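The values are calculated or read from the model by the stated rules, or taken from the named source; none is laboratory data. Please read all numbers here as calculations on a predicted model, not as lab measurements. Here Cβ is always computed from backbone atoms with ideal geometry, including for glycine, and neighbour counts include all displayed protein chains.
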Amino acid sequence: MTERTRDFVTVGKSCRKVDGFALVTGKPEFVADLNLPETLHVRILGSPHAHARITSIDTAEAEAMDGVACVLTHENTPGTRHTTAGQGYPEPSPYDTRMFEDKVRFIGDRVAAVAADTPEIEEAALAAIRVEYEPLPAVLSIDEARADGAPIIHDEPDSTGIYDTTRNIVADVDIDIGDVSEGFDASDVVVETTCETQYAQHTPIETHVVLSYLDSAGRLVLRTSTQVPFHVRRIVAQTLGLPMHRIHVIKPRIGGGFGTKQEILLEDIAGLVSLRTGRPALVWLSRKEEFVASRTRHPMRVRVKLGAMNDGRLHAIEMEATSNTGAYGSHGLTVLANTGSKTLPLYNKAPNAHFYGQAVYTNLPVGGAYRGYGATQGYFPLETAMDELAEQLGMDPVELRQRNHIRVGETSPIFQKLGEGREGVSQTIKSCELPRCIEIGAERIGWARKRGKKLRVGEWVHGLGMSVMMQGSGIPEIDMGAATIKMNEDGSFNLLIGATDLGTGSDTILAQIAAEVLGVPVTKMLVVSSDTDITPFDVGAYASSTTYVSGMAVQRAAEAVRDQIFTVAAPMLDASADDLVLQEESVVAPSGKRVSLTQVCQRAMYESDQFQIGATASCVPTESPPPFLANFAEVAVNVETGKVRVVRYVAAIDCGVAINPQLAEGQMEGAIVNGIGYALTEEMILSSKGRVRNPSLFDYKIPSMLDVPPLDVILVESYEPTGPMGAKSVGEIGINGPIPTLANAIYDAVGVRLKRTPFTPERVLAAMREAGRVA
Amino acid sequence: MTITLTINGHQGTYEIDPGEKLLDLLRREGHMGVKKGCGAGDCGACAILLDGRAVNSCLIFAAKTDGCDVVTAEGLANGETLHPVQEAFLDEGAVQCGYCTPGMIISTVDLLRRNPDPTEEEIREGLSGNLCRCTGYVKQIRAVQRAAEVMKGGDRND
């Protein structure tokens with residue numbers, strides 16, 4: 001779609017990131033990069049038990065130590081029930097968490113916090129806290145959670161929003177379209193497959209960190225590594241019982257998020273320490289604490305059943321998901337719902353569909369938002385089952401997808417039935433270049449040539465796999481973004497956005513959108529983002545929302561500013577405001593006469609009918625146009641060791657118009673490589689007592705530069721008419737691809753279907769043995 | 001105890017704890033381009049040049065660096081003029097969140113000093129100690145290749 005991007009001046013160009021200079025020169029831009037005098041170091045005491053009641057806690061010795069400023073426990077902190085999930089308000093996650101509590105529900109759960117002058121004193125003080133526990137029977141798997149007589153994890157009377165406390169069920173979803181049992185009866189071919197995903201973690205290179213202090217007016221400032229500054233302000237106010245206007249949240253540069261920083265994990269503790277002591281407080285999780293006590297991707301067991309006619313038309317789809325939310329229900333309902341809502345509309349031709357499932361509590365690490373958000377878990381069995389179905393039908397898997405996927409002008413009843421923890425919003429697809437994505441991807445990987453050939457080189461057998469998918473762009477009728485733009489008399493603009501750049505480059509692409517509308521280079525767009533005192537509201541960076549939702553708010557604000565500029569310029573140019581255009585930092589009349597933006601703003605500020613040129617605009621989207629992705633991979637499987645090597649990975653993505661192609665590719669490349677780690681090596685290994693046994697980047701294996709295969713990301717542009725400049729969002733979708741794509745490629749190579757992630761050599765070899773494929 | 005260190009060209013005397021890591025000393029002294037990601041030598045975010053060689057400063061006792069020369073990512077640019085590796089990282093879009101970037105850039109400077117014309121495999125090997133969770137490494141590999149090209153060109157002009 002270069003013919004469309006050619007009309008743009010700034011959009012569609014890979015300009016440098018607006019924060020790039022500071023980042024490559026190591027400027028002190030991150031949370032912990034401020035050395036404030038008198039800063040207290042805060043550390044949290046974690047529970048050694050998966051499930052226990054605290055019968056007594058004695059902090060006297062710790063508090064008496066020199067250099068200890070305060071100790072927080074359930075005995076001296078507010079007991080308000082809340083959720084740590086930073087989502088739209090009222091939150092769909094249950095209020096099942098207290099700051100501290102006399103009950104602990106997983107190994108690492110908060111018991112107490114110590115604030116001290118130095119890390120050394122802090123360690124000594126933590127060791128001096130005497131805690132007596134009464135251990136309780138623990139629930140250590142999703143099967144145990146709902147069993148008769150299972151221990152009740154949330155037996156407290158004041159938690160709210162839990163579906164069925166007595167059976168440890170945090171959430172329950174059940175939606176029906178048509179009648180699937182009749183649909184399966186009428187189908188020519190039926191396949192059924194069940195897949196399980198593991199505990200996995202985001203591992204941003206910067207762990208969770210917050211620095212709090214009191215400003216000169218005594219207000220609480222939270223400088224925090226978050227994706228959701230405005231939710232932080234609301235939830236900390238609720239948790240600490242503080243008026244919201246006493247809190248100021250600043251998100252500086254942050255070292256990645258991927259969903260784990262959509263949680264309010266530390267801000268309450270840091271804030272309370274500063275309020276109690278009057279001193280700055282730094283809470284910074286160690287890598288081990290991050291693994292043990294932050295958030296994870298909800299492990300799931302998902303069953304998919306497909307019914308199809310002999311010609312390949314899907315007739316019935318059923319998906320049943322059981323999600324392990326761990327000790328708290330953070331994002332429990334919405335991740336579960338998205339497992340269906342972001343996957344099933346892709347195959348909208350089936351007249352019968354059923355999605356149901358439950359999220360259950362266990363005494364294990366806590367689930368949370370993680371890039372992909374349930375869709376990742378859902379596409380594994382769905383795209384595996386599609387591969388199995390293609391085989392049963394004797395049809396090329398590519399053709400089976402082509403026959404069934406959603407297209408422009410079509411809808412799915414799922415959009416309306418299943419939303420963000422409640423009913424969804426109906427929509428018709430207005431942009432979908434998935435057919436071209438499939439075509440380009442198949443060509444690039446050599447699908448027709450190489451698939452099914454089982455090429456053997458020594459111990460390595462090659463195979464090809466593919467999968468297709470969609471996600472969304474924000475949460476319709478819930479998400480909100482807002483932007484303020486004001487003009488300066490040198491023709492530059494301040495762009496104030498609540499949106500949260502967690503490394504994605506959203507500050508840059510939002511500046512590009514504003515610069516495009518106002519006819520200035522990006523360097524004239526001065527960006528301030530994510531400061532609750534300065535910038536307008538935005539829900540934050542999650543659900544692939546920023547480009548689409550915040551981007552539209554920016555476009556609207558820029559258009560309003562443009563109109564004001566034209567009103568001022570019209571008399572200067574003896575022209576009607578309606579006839580003017582903005583070009584190269586000037587307003588141009590049809591006569592060719594022009595005035596510079598500097599002249600326009602100087603007139604507005606100093607000369608005539610003086611006023612501040614500026615506007616604020618908001619966007620609450622009424623739909624969530626999906627990006628579409630076709631994945632193709634070639635793998636080599638070592639038949640002696642079971643090791644899987646990705647030979648090549650091709651991802652063709654319909655992203656709408658790419659505002660900044662380099663940054664859009666970067667989103668895809670990062671997500672795919674994260675997905676490859678999730679598919680092949682990453683797994684939090686839990687002991688029989690529920691303890692994380694590999695809490696380090698040495699033992700939890702994320703991909704390094706050596707592990708990344710040749711990776712082709714192809715941006716296949718479409719034009720999304722509801723998006724800013726035709727754009728959609730692509731923050732998440734890429735991470736869903738590797739698991740089913742590699743699973744299908746492994747099957748093509750060695751004839752075994754992997755149903756449990758990650759596909760380690762041991763699991764691959766065991767599957768081959770079971771299938772009699774090796775001696 | 002007291003040590004003398006040259007940090008980004010400035011010699012100074014520093015009072016340290018015997019058990020203090022070089023990473024903590026550098027950050028305490030305001031060199032915030034040295035990042036902490038694991039404290040165990042696994043991620044490379046704290047990489048610096050110690051007497052010209054890239055090392056993880058979280059693994060080194062400050063006490064062992066008396067008399068040494070330290071260069072951090074802050075010490076590579078000359079005012080507004082960036083080091084070619086920094087330029088290449090910006091031009092190739094190799095920076096996302098930027099938290100691993102200073103360490104990655106330091107390792108690249110070290111790699112290109114030892115091997116001005118690395119193959120892709122040598123780049124992957126040379127930077128495998130620097131973990132990045134945002135980029136998928138694709139653009140970082142290209143940035144190293146671009147920097148190598150530019151720096152070779154510079155040599156020819158010398």
Verdict on A:Val221 being within 26 Å of A:Gly329 (Cα to Cα), not hydroxyl-bearing (Ser, Thr, Tyr) and not in a loop (DSSP other than H, G, I, E, B): no
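Results for (1) under 21 Å from the mean Cα position of the chain (by Cα); (2) aliphatic (A, V, I, L, M); (3) more than 22 Å from A:Arg295 (Cβ to Cβ); (4) surrounded by fewer than 23 Cβ atoms within 10 Å (Cβ to Cβ), shown as yes or no for each residue.
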position	(1), (2), (3), (4)
A:Met65	no, yes, yes, yes
A:Gly79	no, no, yes, yes
A:Pro90	yes, no, no, yes
A:Pro94	yes, no, no, no
A:Thr97	no, no, no, no
A:Glu101	no, no, no, yes
Selection within the range B:113-124 - surrounded by 16 or more Cβ atoms within 10 Å (Cβ to Cβ) and either more than 8 Å from every other protein chain (Cβ to nearest Cβ) or without any contact (Cβ under 8 Å) to a residue 12 or more places away in the chain (or both): B:Pro118
Give, as residue ranges, the helices (runs of 4 or more DSSP H) completely inside the range A:366-425 that count at least 2 residues that are touching a residue at least 60 places away in the same chain (Cβ under 8 Å) and under 22 Å from the mean Cα position of the chain (by Cα). A:375-393, A:413-417
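Would you mind finding the one in A:Ala615, A:Ala604 that is outside the structural domain of A:Arg401 (by TED's automatic domain parsing), at pLDDT 95 or above, more than 30 Å from A:Gly372 (Cα to Cα) and part of a strand (DSSP E or B)? Spell out how you get there, then give the answer.
Working: A:Ala604 fails: part of a strand (DSSP E or B).
Of the residues listed, the single one that is outside the structural domain of A:Arg401 (by TED's automatic domain parsing), at pLDDT 95 or above, more than 30 Å from A:Gly372 (Cα to Cα) and part of a strand (DSSP E or B) is A:Ala615.
Quick one: in the range A:647-670, of everything that is of a type in the set (Val, Ile, Thr) and crowded, with 24+ Cβ neighbours inside 10 Å, which residue is farthest from the other protein chains (Cβ to nearest Cβ)? First the steps, then the outcome.
Just the residues of the range A:647-670 that are of a type in the set (Val, Ile, Thr), to begin with: A:647, A:650, A:653, A:657, A:659.
This time we only want the ones that are crowded, with 24+ Cβ neighbours inside 10 Å, so: A:650, A:653, A:657, A:659.
Values: A:Val650: 13, A:Ile653: 13, A:Val657: 17, A:Ile659: 13 Å.
The selected residue is A:Val657.
So, A:Gly675, is that one at positive phi and in the same structural domain as A:Leu364 (by TED's automatic domain parsing) or not? Lay out the reasoning, then the answer.
Working: at positive phi: no; in the same structural domain as A:Leu364 (by TED's automatic domain parsing): yes.
Against the criterion (at positive phi and in the same structural domain as A:Leu364 (by TED's automatic domain parsing)), A:Gly675 does not qualify.
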Subset tally (residues that are closer than 19 Å to B:Pro18 by Cβ and of a type in the set (Gly, Ala, Ser)) for the range B:46-58: 1
Collect the residues in the range A:683-698 that are touching a Ser or Thr at 6+ places or on another chain (Cβ under 8 Å) and within 14 Å of another protein chain (Cβ to nearest Cβ), keeping them in residue-number order. A:Leu697
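Could you tell me which residue of the range B:90-112 is farthest from the other protein chains (Cβ to nearest Cβ), considering only residues that are farther than 27 Å from B:Glu20 by Cβ, of a type in the set (A, V, I, L, M, F, W, C) and buried (at least 23 other Cβ atoms within 10 Å of the Cβ)?
We begin by selecting, within the range B:90-112, every residue farther than 27 Å from B:Glu20 by Cβ; these are B:90-97, B:108, B:111-112.
Within this subset, residues satisfying the condition of being of a type in the set (A, V, I, L, M, F, W, C) are B:90, B:94-95, B:97, B:111-112.
Subset that is buried (at least 23 other Cβ atoms within 10 Å of the Cβ): B:94-95, B:97.
Details: B:Ala94: 8, B:Val95: 5, B:Cys97: 3 Å.
Only one residue fits best here, namely B:Ala94.
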With respect to A:Phe698, determine if the residue is crowded, with 22+ Cβ neighbours inside 10 Å and aromatic (Phe, Trp, Tyr). no
Considering each of A:Thr84, A:Thr59, A:Thr73 in turn, give the residue that is surrounded by 14 or more Cβ atoms within 10 Å (Cβ to Cβ), modelled with pLDDT of 95 or more and in contact with a helix residue (DSSP H, G or I) (Cβ under 8 Å, 6 or more places away or on another chain). A:Thr84
Any idea which residue in the range B:1-58 is farthest from the other protein chains (Cβ to nearest Cβ), counting only those that are farther than 24 Å from A:Ser704 by Cβ and of a type in the set (D, E, K, R)? B:Asp51
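Based on what the data block shows, is A:Ala200 hydrophobic (A, V, I, L, M, F, W, C) and within 14 Å of another protein chain (Cβ to nearest Cβ)? Even if it seems obvious, please write down each step before you answer.
Working: hydrophobic (A, V, I, L, M, F, W, C): yes; within 14 Å of another protein chain (Cβ to nearest Cβ): yes.
So A:Ala200 passes the test.
Going by the structure shown, is A:Val131 modelled with pLDDT of 95 or more, β-branched (Val, Ile, Thr), assigned to a strand (DSSP E or B) and closer than 15 Å to A:Ala359 by Cβ?
Working: modelled with pLDDT of 95 or more: yes; β-branched (Val, Ile, Thr): yes; assigned to a strand (DSSP E or B): yes; closer than 15 Å to A:Ala359 by Cβ: no.
Here the answer is no, as A:Val131 does not meet what is asked.
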Subset of the range A:498-532 (residues that are within 14 Å of chain B (Cβ to nearest Cβ) and either of a type in the set (Asp, Glu) or over 21 Å from the mean Cα position of the chain (by Cα) (or both)): A:Asp501, A:Asp507, A:Gln512, A:Val522, A:Thr523
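Yes or no, residue by residue, for (1) in contact with a His (Cβ under 6 Å, 6 or more places away or on another chain); (2) at negative phi; (3) among the hydrophobic types (A, V, I, L, M, F, W, C):
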{"position": "A:Val190", "(1), (2), (3)": "no, yes, yes"}
{"position": "A:Ala200", "(1), (2), (3)": "no, yes, yes"}
{"position": "A:Thr203", "(1), (2), (3)": "no, no, no"}
{"position": "A:Thr207", "(1), (2), (3)": "no, yes, no"}
{"position": "A:Arg219", "(1), (2), (3)": "yes, yes, no"}
{"position": "A:Leu222", "(1), (2), (3)": "no, yes, yes"}
Would you mention how many residues in the range A:713-725 are surrounded by 18 or more Cβ atoms within 10 Å (Cβ to Cβ) and within 14 Å of chain B (Cβ to nearest Cβ)? 2
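Just to check your reading of the model, which residue among A:Pro151, A:Pro119 is of a type outside the set (Lys, Arg) and within 25 Å of A:Thr197 (Cα to Cα)?
On the way: A:Pro119 fails: within 25 Å of A:Thr197 (Cα to Cα).
Exactly one of A:Pro151, A:Pro119 is of a type outside the set (Lys, Arg) and within 25 Å of A:Thr197 (Cα to Cα), namely A:Pro151.
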Any residue at all in the range A:190-212 that's over 27 Å from the mean Cα position of the chain (by Cα) and either assigned to a loop (DSSP other than H, G, I, E, B) or among the aliphatic types (A, V, I, L, M) (or both)? yes
Can you tell me which residue is farthest from the chain's Cα centre (by Cα) among those in the range A:26-54 that are surrounded by fewer than 22 Cβ atoms within 10 Å (Cβ to Cβ) and within 7 Å of chain B (Cβ to nearest Cβ)? A:Asn35
Restricting attention to the range A:577-597, does a residue exist that is surrounded by fewer than 24 Cβ atoms within 10 Å (Cβ to Cβ), among the charged types (D, E, K, R) and under 27 Å from the mean Cα position of the chain (by Cα)? no
How many residues does the range B:59-89 hold that are under 23 Å from B:Asp17 (Cβ atoms) and either small (Gly, Ala, Ser) or within 14 Å of chain A (Cβ to nearest Cβ) (or both)? 6
